[in-house]
Amino acid sequence: MATVLTEPQTTKIPIRQTKILIDNKWVASVSGKTFETVNPATGDVLASVAEADAADVELAVKAARKAFHAKAHWRRMSASERGKLINRLADLIEKNADELATLESLDNGKPKHVAAAADLPLVIACYRYYAGWADKIQGKTIPISGDYFCYTRHEPVGVVGQIIPWNFPLLMQAWKLAPALACGNTVVLKVAEQTPLSALRVGELILEAGFPEGVVNILPGYGPTAGAAIARHMDVDKVAFTGSTEVGHLIMKASAESNLKRVTLELGGKSPNIVFADADMEEAIEGSHFALFFNQGQCCCAGSRVFVEEKVYDQFVQKSAERAKRRVVGDPLNKTTEQGPQVDAEQFKKVLGYVESGKQEGAKLVAGGERVGDRGYFISPAVFANVRHEMRISQEEIFGPVVSVIKFRDEADALRIANGTAYSLAAGVWSRDIGRVQRFAKKANAGTVWINTYGYTDVRLPWGGVRDSGFGREHGSAAIENFTEPKAVWMNLNV
């Protein structure tokens with residue numbers, strides 16, 4: 001059975017920064033309030049962090065607005081110089097990658113070796129990619145009727161409010177900051193109260209890289225206070241948010257009731273993962289295991305609904321349960337650990353509540369779903385069989401290590417139930433039939449479809465969903481479009 005291998009280790013890594021970054025200065029909150037950030041592997045307090053609220057948002061927005069309009073500052077800086085600064089930040093993150101991976105592990109609970117091998121390389125690649133975009137944002141010359149010269153410009157939106165979640169703190173920071181900065185915007189970034197430490201350390205690297213005053217402002221704080229203040233602020237031009245669908249609705253409402261600021265949302269998911277009988281079964285089992293249990297199940301695109309063709313259903317359930325029982329749950333600083341703790345006590349209780357709901361509604365728990373150890377927020381990976389499509393564990397986003405395995409009859413049945421939730425973020429399909437997988441890719445309600453693989457992202461490809469999974473796209477040229485405004489220019493050639 002999955003167990004905690006050792007007592008979670010302690011580390012003497014210095015926590016360098018716990019204040020708010022506004023206008024290139026580290027400051028206490030206006031209220032003087034702080035909050036505690038906790039190591040989810042032990043429940044111990046890591047640090048007390050300054051708690052930003054509406055008064056701090058006001059100062060940060062003013063600093064960002066001043067920076068946006070200042071002469072010879074960010075917006076008017078040579079685009080290639082902006083790119084150099086973003087590349088310099090990437091260099092500094094790479095130089096300090098081990099420290100950042102340790103902070104990420106301590107504050108979030110993910111295994112350090114996973115943060116080092118997956119999160120940090122993706123973070124660095126994101127900054128380098130958008131550093132390259134900075135001097136390649138171009139308009140068009142467009143022939144029109146009449147004696148006119150017409151062209152378009154793509155200009156920065158202005159002051160961008162960004163609100164990021166706790167599941168991939170460093171990566172979400174990069175996804176938001178890199179394209180916004182490449183386009184010439186200034187930023188007020190609200191980081192999750194559960195995981196502020198790595199973001200604040202990157203704030204120090206931003207200053208070390210030489211970013212001008214007020215271009216990046218970083219505020220640790222709570223959603224109902226700091227996040228809400230950003231969403232309703234009359235001088236914020238755009239909000240980019242990653243998080244729950246519930247909060248996405250609140251941000252849209254705040255935009256409508258304030259200055260109709262632009263909004264992009266990357267929200268929840270309940271992604272289907274379809275396994276046909278002709279699939280390579282060993283690959284499908286291991287791929288489906290990764291699809292859900294990676295990052296403790298705390299992924300918006302997690303393949304939490306596995307649909308298996310009825311003729312191989314029992315085999316798949318048995319082998320998936322065996323694989324889950326072998327998963328090593330334990331100390332995030334141990335190199336053999338596959339799964340760390342849930343991020344905090346609230347998420348821990350929520351996940352265990354869903355396990356109980358599944359059992360009460362008649363699903364069969366064939367593996368896991370229990371607390372592991374007596375410290376921290378560890379849960380053994382749970383596999384449910386005999387799940388009905390209408391059950392809560394099949395319909396609601398759990399955001400934890402709980403997978404529902406559901407039987408289907410044929411291709412039409414699989415597609416019908418795969419598309420049978422309000423979420424449309426991602427989907428996977430496993431089959432050797434090339435026609436079948438292409439039909440599924442075309443018909444699946446999802447922003448991303450994986451075929452005979454699952455869970456990979458690349459900064460060059462668009463990322464996002466529709467319906468309750470949000471709108472707008474991150475990555476690639478799509479993010480550039482999200483952080484710029486097109487302007488049409490007409491010139492009369494007869495004057």
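Just so you know, all these numbers are worked out from the coordinates, no wet-lab data involved. Because the structure is a prediction, the values reported are computed rather than measured. Because the Cβ atoms are built from the backbone with ideal geometry, glycine has one as well, and the counts that use them run over all protein chains shown.
In terms of distances greater than 27 angstrom between alpha carbons, the cross-link table entries LYS190/LYS349; LYS33/LYS84; LYS62/LYS487 yield LYS33/LYS84. Contact order, relative form, for the chain: 19 percent (alpha carbon pairs under 8 Å, 6 or more residues apart, mean separation divided by residue count).
Taking label positions 7 Å along the Cα-Cβ direction at both ARG16 and LYS364, the computed distance is 5.4 nm, reported to one decimal. Placing dummy labels 7 Å off each Cα toward the beta-carbon, the span from ARG326 to ASN419 is 3.7 nm. Quick one: of LYS319/LYS407; LYS364/LYS407; LYS19/LYS112, which pairs are farther than 22 Å apart, Cα to Cα? Exceeds cut-off: LYS19/LYS112.
The alpha-carbon of LYS71 sits under 18 angstrom from the alpha-carbons of these aspartates and glutamates, leaving out residues fewer than 8 places away in its chain: ASP23, GLU81, GLU155, GLU213. The calculated FRET efficiency for the pair VAL45 and ILE451, based on their C-beta separation and a Förster distance of 45 Å, comes to about 0.50.
Using R₀ = 35 Å, calculate the FRET efficiency as 1/(1 + (r/R₀)^6) where r is the Cβ-Cβ separation of GLN315 and GLN395; round to 0.05. The partial results should precede the final answer.
Values: r = 26 Å, r/R0 = 0.74.
My answer for the efficiency is 0.85.
To the nearest 10 degrees, how steep is helix 54-69 against the longest Cα principal axis of the chain, on a 0 to 90 scale? The angle comes out at about 50 degrees.
Expressed in Å, the radius of gyration and Dmax of the Cα atoms of the chain are 23.3, 82.
Over the stretch 405-495, Cα pairs under 8 Å with separation of 6+ residues give a relative contact order of 23 percent.
When only Cα pairs below 8 angstrom with a gap of at least 6 residues are kept, the stretch 24-86 shows a relative contact order of 22 percent.
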